[in-house]
Each structure stands twice: as structure tokens, then as C-alpha cells.
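**Student:** Handing you this structure, nothing more for now.
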Amino acid sequence: MHRNKLHVGLLAATAVLVFAGSANAADLYGGGATFPAPAYVGDLYNGTSPVAKLSRDSAITLPAVTFSVAGLGNSTGTKIPVFQDYHSRYSADAVSYCQTGSGTGKKILNNDGIFANGACSPAGITGFSSVSGQSAPDFIGTDAPIATADYNTFITNMAATRTAIVQIPVLAGAIALPFKDTAGGLTSVALNTEQVCRIFAGDIKNWNDSRLTSPVAGSHPITIVYRSEGSGTSFAFTSYLAAQCNGKFGLAADFFKPNQSFATAAALALPNYSASSAQAGNNGVVSKVKTTTDAIGYADIAEVLSQGVMYASVNGNDPALFGSTGPVSLAPAALLSGKVLDGATVADVPASVAAPARNCTRLVNPTAVISGAYPIAAVTYLAAYNAGNGAKATPIKNLFKQFYGPIPAGGVTPPDTRVSLPTGYAYIDGNTLFRSSAVGSINSCIN
């Protein structure tokens with residue numbers, strides 16, 4: 001990851017009646033972050049109408065639902081999504097994943113007024129579409145790491161039976177800046193850090209601004225498209241803006257505030273925009289940009305490429321090249337134990353959580369440096385429970401370990417048999433000690 005500082009299955013659109021039944025013990029129901037969805041489930045959800053929020057392995061048939069569901073796989077190419085590969089390795093186990101955004105995913109993890117067995121419907125998400133009776137998820141994906149407030153809610157609602165939160169970083173990915181060409185002929189955008197800051201601060205608000213590298217003729221007010229719900233993509237992007245923009249280019253030292261809500265993080269910027277539009281999911285952001293002349297937004301590069309939308313280079317670097325040389329490396333010391341992230345502040349897991357379970361919450365230090373050139377990127381995590389997983393404990397461990405290569409034995413590294421990730425994503429275990437530490441937590445913490 002950067003941030004400079006870390007600041008094929010078949011498509012299925014179903015309309016059937018719900019009926020009673022129970023899933024196999026190893027059917028894993030999860031959801032949350034949309035940023036890693038192209039790597040987790042592939043892009044088949046883009047082919048449903050309306051666009052599916054729920055993707056699941058064809059081995060999972062329960063619950064039956066009355067709305068669109070996507071299979072696991074990709075519409076083009078041969079790349080296999082991680083969750084599809086999981087079933088090929090463990091034939092008795094399969095995964096269902098609902099794209100809710102990281103904020104809602106964490107609420108479901110904590111049974112915070114929304115539960116796993118609610119519907120994952122394009123018309124309105126009330127859960128992960130797990131089977132009847134399963135109110136708690138098996139796992140979530142999040143790009144907004146667990147914060148103190150999240151953990152306190154967990155303690156109130158879940159700690160009596162689940163003990164602690166297990167959080168493991170699994171991927172890094174580039175956050176691209178998709179844009180829509182103007183009537184004046186804007187067909188490429190090359191931005192530097194200052195220009196990114198000024199655009200999203202609402203200082204540069206027209207594509208004809210002379211401070212842009214290639215201003216266009218005539219008036220072309222910029223529409224900023226951002227995530228409407230709590231989002232790890234927003235958290236990572238606003239962390240980048242806070243680190244790179246605050247106190248520079250005439251902006252106040254606290255102009256941007258890292259937050260999973262873009263509206264909160266950029267509260268000082270929103271009134272400055274010529275126009276803005278809040279959209280649900282990275283898919284929604286890219287779709288809106290695609291149909292809005294003069295718009296620019298932010299989303300994972302895989303989603304941008306999947307929808308065929310143009311995107312900006314930043315400091316001369318292409319987000320599509322992120323991870324192209326293999327796993328990125330993080331120093332072992334960057335993987336913190338027993339820590340949560342409150343905005344840009346690292347804090348301790350609440351003291352009421354006993355050791356060693358408190359150390360199951362792993363966090364990549366926001367000041368850690370990851371090799372690479374494209375400067376806007378996010379780390380995405382999987383989270384689950386320390387206790388109470390029953391027969392699903394081993395399947396959940398195996399799912400988490402899908403993201404980590406073989407642990408070398410005797411100094412010899414076995415062949416890496418993991419699937420290739422979509423463009424713009426990277427595994428993060430380039431350092432052997434980092435990998436060993438993460439896998440050790442997966443093995444010991446999920447019970």
C-alpha cells in the first residue's frame with residue numbers, strides 16, 4: 001500500500017420465493033467493504049439489474065431471495081476471485097459476501113441495530129443475507145480499521161460470548177480518481193499532489209482553472225462524487241488528503257479529518273464545491289462519474305477499470321500499475337497488536353478486554369511506509385470473532401489464510417499458489433516475518 005505514508009462462476013440474477021432451510025456448517029456469511037470486492041468476488045455483480053450487492057458461491061443456495069444475486073467470477077479474463085478459489089481448495093466450504101460499506105459492516109459485526117440475517121438487497125441493506133437465526137456474521141471486510149467506539153459497542157453487545165475482535169490486514173489497493181470527459185474535450189487528467197488537494201478542497205472548482213496541468217477552454221464546473229455511507233475507501237482517501245494537504249496550499253492544519261464518512265472528513269470543503277453528489281458503494285460512485293460530465297470521484301482502480309471509466313494519473317504514476325510487481329512489503333514492526341485507530345490516532349484496545357485476546361486486533365501503523373509509487377492506496381482488513389465460532393472456526397481461519405503465502409520452512413520458500421489479484425491490488429506479505437506474525441494471529445485467535 002502507499003498513501004506515501006500509510007496514512008469462473010456464472011452470473012445469477014434470481015427472483016424466487018424465500019423458503020425455510022438451513023445452510024451447511026461451512027457456508028461463511030460475511031460482507032462489508034466494497035473496495036476489495038473485485039478481488040474477493042470478481043465483477044459479475046456489475047452485470048445484474050439492479051447491480052447486485054450480494055455475491056455468493058454457487059454452492060450456497062440459502063437463503064433463497066427475491067432480488068439479484070451475483071456469482072463469483074469475472075466477466076472478462078481468466079482471473080479467479082479469492083473467495084471462488086477458496087471453495088476450489090476446500091470443497092465443503094463456500095463464501096457469501098454482501099457489499100455494505102465498511103461502516104455498516106462493522107455495525108453488523110457488533111450487532112449494532114443491524115444483523116447478519118437481514119437482507120442484502122439493492123433496494124436497501126438490512127444485513128448480509130445469512131440464514132435465518134444467524135444474527136452474527138462469520139466475518140466482515142473493512143478498510144476502516146476498528147476504532148475505540150466500534151470496540152466499545154462490541155464489548156456492550158458481543159463480548160460476553162465472542163470475547164474479542166480479530167482483525168487481520170489482508171490486501172492493499174490503489175484508490176483511483178475516475179473522471180468524466182468534458183464537452184471541451186478533456187480526455188486525460190494528470191494531477192500532482194497539490195492539484196488533488198485543491199480539487200477536493202474546493203479551491204480548484206472548474207476544469208478551466210489555470211493551475212491545472214491541462215486546463216480546458218470554456219467553463220466546466222467540477223462535480224465531486226463521493227461515498228454516501230461509512231466507507232473504508234473514504235477513510236483511506238481522506239487519510240491521504242489529511243496527510244498530504246493539511247497545513248499546505250493555503251489549507252488549515254486540520255482542514256481534512258480522516259473519517260469513514262467523507263461528508264464529515266471534508267465538511268470544510270463541501271460548501272466550496274461547484275456541485276457534488278453522494279453515492280452508495282464504489283460501484284455507485286464510478287457509475288455516477290461515468291454519466292456526469294465534468295465529474296471526478298474516488299474508488300478502487302479495479303471498479304474503475306471494470307466500468308471502463310477514465311482516471312487520473314497522480315504525480316506521473318498510474319494506479320493500474322500498483323502491485324504489478326508482486327506482494328508489497330511492510331516491516332514486521334508495522335503490524336501492531338492490541339491497537340485501534342481513531343481517525344489518525346493509534347490507541348489501545350479497551351482495557352476490559354483481557355490479554356492475550358486483546359492482541360488479536362492487528363493494525364497496520366498509519367505511519368508505515370510501503371514500497372511503490374502511486375501515492376493513494378488503502379489497506380483492507382478481514383475481521384471476525386475470537387470465540388464462539390464453533391464448527392466454522394477452521395473454515396474461517398482458512399479463509400483468512402487465503403491471503404497469505406506459504407510460510408517458508410528451512411529457509412526455502414514454497415511456490416506461491418495464490419490466485420492473481422485484479423489490477424491495482426497487492427498482497428501485503430512481501431516480508432517473511434510480517435507474514436509469519438499475521439498467520440500466527442489467525443491460527444491462535446479464531447476459536
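The values are calculated or read from the model by the stated rules, or taken from the named source; none is laboratory data. Values in this document were obtained by computation on a predicted structure and should not be read as measured data. Please note: Cβ atoms are built from the backbone with ideal geometry, for glycine as well, and neighbour counts cover all protein chains shown. The area values use the complete protein model at the heavy-atom level, side chains included, leaving out ligands, DNA and RNA. Shrake-Rupley method; radii C 1.70, N 1.55, O 1.52, S 1.80 Å.
**Student:** Provide, as a two-decimal number, the C-alpha radius of gyration of the stretch 296-447 over 2.2 N^0.38 Å, N being how many residues it has.
**Tutor:** In units of the 2.2 N^0.38 Å rule of thumb, it is 1.16.
**Student:** Given 20 °C and 1.002 mPa s, how large is the Stokes-Einstein diffusion coefficient of the stretch 200-318 in µm²/s, with Rh as the Kirkwood radius over Cα pairs?
**Tutor:** So the translational diffusion coefficient is about 146 µm²/s.
**Student:** While we're here: Report the gain in length on full extension from residue 292 to residue 209: 0.36 nm times residue separation, minus Cα-Cα distance, nm rounded to one decimal.
**Tutor:** 28.0 nm
**Student:** How large is Rg over Rh for the stretch 335-420, taking Rg from the Cα atoms and Rh as the Kirkwood inverse mean of 1/r across Cα pairs?
**Tutor:** 1.01
**Student:** Still on this model: Residue separation times 0.36 nm, minus the C-alpha to C-alpha distance between residue 393 and residue 355: what's the value?
**Tutor:** Stretched fully, the residue 393-residue 355 segment lengthens by 11.7 nm.
**Student:** If you don't mind, another one. Can you give the accessible area of residue 421, probe radius 1.4 Å, in Å² rounded to 10?
**Tutor:** For residue 421, solvent-accessible area is about 20 Å².
**Student:** Report the paramagnetic label zone for residue 88: residues of the stretch 308-326 whose backbone N is under 20 Å from a point 7 Å from Cα along the Cα-to-Cβ axis.
**Tutor:** The answer is 326.
**Student:** Might you report the magnitude of the Cβ-based charge dipole of the chain about its Cα centre, with Lys and Arg at +1 and Asp and Glu at -1, to the nearest 20 debye?
**Tutor:** 340
**Student:** I've got another one for you. Roughly how large, in nm² to one decimal, is the mean projection of the convex hull of the alpha-carbon atoms in the stretch 117-194?
**Tutor:** Computing the convex hull of the Cα atoms and averaging its projections yields 9.8 nm².
**Student:** Determine how many Å³ per residue the convex hull of the Cα atoms of the stretch 262-309 encloses.
**Tutor:** Value for the stretch 262-309: 74 Å³ per residue.
**Student:** Could you sort 392-404, 232-244 so that the peptide with the highest average Cβ count within 10 Å comes first and the rest follow in order?
**Tutor:** Highest mean packing first, the order is 232-244, 392-404.
**Student:** Can you pull the one-decimal nm distance between simple spin-label points at residue 264 and residue 135, each 7 Å off the Cα toward Cβ?
**Tutor:** Reported label-point gap for residue 264 and residue 135 is 2.5 nm.
**Student:** Under 15 Å from a label point 7 Å along Cα→Cβ of residue 274: give me every residue in the stretch 292-317 with its amide N that close.
**Tutor:** 292-297
**Student:** Thinking of the stretch 62-208 as a set of Cα atoms, what percent of all their pairs are more than 19 Å apart?
**Tutor:** Distances greater than 19 Å cover 67 percent of the Cα pairs.
**Student:** For the chain, what is the mean residue ellipticity at 222 nm derived from helices alone (per DSSP H run of n ≥ 4: -39500 (n - 2.57); sum divided by total residues; nearest 500 deg cm²/dmol)?
**Tutor:** After summing the helix terms and dividing by the residues of the chain, the value is -6000 deg cm²/dmol.
**Student:** Taking 0.36 nm per intervening residue step and subtracting the Cα-Cα distance, what contour gain separates residue 333 from residue 420 on full extension?
**Tutor:** 28.6 nm
**Student:** Distance in nm between label sites at residue 324 and residue 61, each 7 Å beyond Cα in the beta-carbon direction?
**Tutor:** 4.5
**Student:** When the expected Rg is taken as 2.2 N^0.38 Å, what fraction or multiple of it is the alpha-carbon Rg of the stretch 181-237?
**Tutor:** Normalised Rg, Cα atoms only: 1.23.
**Student:** Please list, in chain and number order, the residues 5+ apart from residue 28 or on another chain whose amide H is under 5 Å from its amide H, with Hs placed from the backbone.
**Tutor:** Answer set, sorted by chain and number: 94, 95, 96.
**Student:** Something else: Please find the FRET efficiency linking residue 253 to residue 348, where r is the Cβ-Cβ separation and R0 is fixed at 25 Å, and quote it to the nearest 0.05.
**Tutor:** Between residue 253 and residue 348 the formula returns 0.45.
**Student:** Here's something else I'd like to know. Rg over Rh of the stretch 50-100, using C-alpha atoms and the Kirkwood radius, what does it come to?
**Tutor:** In the stretch 50-100, Rg relative to Rh is 0.96.
**Student:** Further question on the same structure: Spelling out what I want: for every residue of the stretch 107-123, take phi, set θ = phi - 60°, compute 6.51 cos²θ - 1.76 cosθ + 1.60 (Karplus), and round to whole Hz; glycine and proline get x.
**Tutor:** Working through the residues one at a time gives 5, 5, 4, 9, 6, 8, x, 8, 10, 4, 8, x, 7, 9, 10, x, 7 Hz.
**Student:** Beta carbons within 10 angstrom, averaged per residue: use that to sort the peptides 139-148, 214-223, highest first.
**Tutor:** Packing proxy ranking, top to bottom: 139-148, 214-223.
**Student:** Report the net charge of residues surrounding residue 219, where surrounding means a beta-carbon distance below 14 angstrom and charges are Lys +1, Arg +1, Asp -1, Glu -1.
**Tutor:** -1
**Student:** Divide the volume of the convex hull of the Cα atoms of the stretch 31-117 by its number of residues and quote the answer in cubic angstrom per residue.
**Tutor:** Each residue corresponds to 101 Å³ of Cα convex hull volume.
**Student:** Once the cut-off is 30 Å, how many percent of the Cα-Cα pairs in the chain end up in the long-distance tail?
**Tutor:** Value for the chain (Cα pairs over 30 Å): 40 percent.
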